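Down below is the structure, laid out as structure tokens.
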Amino acid sequence: WFVGASWLLEEGFQRVPLLFDERATQALLAGPGAGLLVAPNVPPVGALPGFNLGVFLATGAIIPLKPLHLETFTNDAKTISTDVFADVTWRVTDKLDLTGGVRYTRDDKESGLTVVLDNGPSAISGRGLFVQPTNGRITEEAGFDGLTWRAAATYRWTEDWNVYATIGTGRRPDVIATSAGDPAARFSVVPAEEVTSYEVGAKGLILEGNLSLDGSVFFYEYDNFQAGII
């Protein structure tokens, strides 16, 4: 048997600068229907309109586009994770072992987001093109608990062969996700990913112990599978 505990502190951040030529961006957003991008004779950037076509067509005003428009978002996170766990094996007979274990996890998380329009709003949209400013760093905090366990049985068929069966649960903690683009949904909680695993197998030695053979069949059942979409 064994018991134990662990404590983890993790802090990190990522900063993503987004640099655009607004003339090319306007052509891309307007699409071929506007006559700005017609394959195969796509004009060079310098030949594209240097002003906001939408404003011009609506009001007649000429709003110059910026050749370099910069938007930056930074997301950061802090996690304090505490685990306590225990595992025990009971030798029922000389051939049969039963094992059981349990783990409790507590995660305290803080997620931060900072979005800046480095050289002002875009002349195309009047705000951010792809991200929207936060007026400083904003944060969200939450705590999450989880319990996982396992059970296993091992049977020594012979001195060289055993068979086993296990069932166990696993967990990837909840995530505080951030959105740099949608001011109405800056933070959201992605539920914990949970898995229940089943496995049966056999292990043994042949050729007087010179060759080992292992084989197993397993099945994983997931809830709330976490994945990113780009």
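The values are calculated or read from the model by the stated rules, or taken from the named source; none is laboratory data. These numbers were taken from a predicted model, which means no experiment stands behind them. Note: ideal-geometry Cβ built from the backbone for every residue, glycine included; neighbour counts use all protein chains shown. Heads up: the accessible areas ignore ligands, DNA and RNA and are worked out on the full protein's heavy atoms, side chains in. Shrake-Rupley method; radii C 1.70, N 1.55, O 1.52, S 1.80 Å.
Candidates [x] 8, 31, 32, 20, 9, 1; [y] 6, 18, 17, 12, 9, 11, 12, 8, 5, 2, 0, 0; [z] 7, 19, 19, 16, 13, 11, 9, 5, 1, 0; which is the computed P(r) over Cα pairs in 10 Å bins from 0, in percent?
Among [x] 8, 31, 32, 20, 9, 1; [y] 6, 18, 17, 12, 9, 11, 12, 8, 5, 2, 0, 0; [z] 7, 19, 19, 16, 13, 11, 9, 5, 1, 0, the one calculated here is [z].
Counting only protein heavy atoms, what percent of the accessible surface of the chain is carbon or sulfur at a 1.4 Å probe?
Details: 8770 of 14630 Å².
Looking at the chain in its full context, I get 60 percent from C and S.
Treat the range 60-112 as a sphere of radius equal to its Kirkwood radius over Cα pairs and apply Stokes-Einstein at 4 °C in a medium of 1.567 mPa s; give the translational diffusion coefficient in µm²/s, rounded to a whole number. Present the calculation step by step, with values, prior to reporting the outcome.
On the way: Rh = 17.5 Å.
It comes out at roughly 74 µm²/s.
Within 10 Å, at most 12 other Cβ atoms, and a DSSP state outside H, G, I, E, B define an exposed site. Report the longest part of the chain free of exposed chymotrypsin sites (Phe, Trp or Tyr not before Pro).
2-156
For the chain, which span is the longest to avoid every loop-located (per DSSP) member of trypsin sites (Lys or Arg not before Pro) having at most 16 other Cβ atoms inside 10 Å? The partial results should precede the final answer.
Details: sites that count: 95, 127, 137.
Segment 1-94 is the longest.
Taking every pair of Cα atoms in the range 108-164, average 1/r, invert it to obtain the Kirkwood radius, and report Rg/Rh to two decimals.
Across the range 108-164, the Cα-based Rg/Rh ratio is 1.61.
At most 10 other C-beta atoms within 10 Å and a DSSP loop state: those are the exposed GluC sites (Glu not before Pro) I care about. Give me the longest piece of the chain that has none.
Formally, the longest exposed-site-free interval is 1-158.
Could you work out [θ]222 nm for the chain from helices alone, using -39500 (n - 2.57) per DSSP H run of at least four and dividing by all its residues? Round to the nearest 500 deg cm²/dmol.
Estimated from H runs of four or more residues: -2000 deg cm²/dmol.
Give a residue-ordered list of calculated ³J(HN,Hα) values for the range 198-212 (Karplus: 6.51 cos²θ - 1.76 cosθ + 1.60, θ = phi - 60°; whole Hz; x for Gly, Pro).
Karplus values, whole Hz, x for Gly and Pro: 10, 8, 10, x, 9, 9, x, 10, 9, 6, 6, x, 7, 9, 9.
Determine the order of 167, 176 by accessible area, beginning with the largest, at a probe radius of 1.4 Å.
Greatest to least solvent exposure: 167, 176.
Give the accessible surface of the range 119-197 per residue, rounded to a whole number of Å², with probe radius 1.4 Å and ligands, DNA and RNA excluded.
Per-residue value: 56 Å².
Test of understanding: what is the full-extension gain from residue 200 to residue 85, defined as 0.36 nm times their sequence separation minus their Cα-Cα distance?
Net length gain for the segment: 39.0 nm.
Give the Cα extents of the range 29-159 along the principal axes, in whole Å, largest first.
90, 41, 22
Check cross-link reach from residue 203 to the aspartates and glutamates: straight Cα distance under 16 Å, and skip same-chain residues fewer than eight apart.
Excluding near neighbours in sequence, the set is 97, 159, 160, 214.
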